[in-house]
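Values quoted throughout were computed directly from the atomic coordinates according to the rules given, and no laboratory measurement underlies them. Everything numeric here is computed off the predicted structure, so don't read it as measured data. Here Cβ is always computed from backbone atoms with ideal geometry, including for glycine, and neighbour counts include all displayed protein chains.
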Amino acid sequence: MRPIVRRVGDVTLEVQTRIQGLSAEQLDDLPEALLDFRSKEDLIAWLESVAG
């Protein structure tokens with residue numbers, strides 16, 4: 001979680017729970033996607049895109 005917080009700032013418990021619920025493949029994709037994030041909204045949008 002530290003790299004995410006470092007990149008976009010503190011995230012809510014809800015967002016943390018969503019991240020913890022990601023599949024192994026999605027978790028593998030997250031570090032690369034994290035490079036493009038500029039805000040918490042980018043993280044949330046990515047979570048929504050991989051959930052569907």
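What is the dipole size for the chain, taken about its Cα centre, with +1 at each Lys and Arg Cβ and -1 at each Asp and Glu Cβ, in debye to the nearest 20?
So the magnitude is around 280 debye.
Where Rh is the Kirkwood radius over the Cα pairs of the chain, the temperature 25 °C and the viscosity 0.890 mPa s, what D in µm²/s does Stokes-Einstein return?
In µm²/s, the coefficient rounds to 225.
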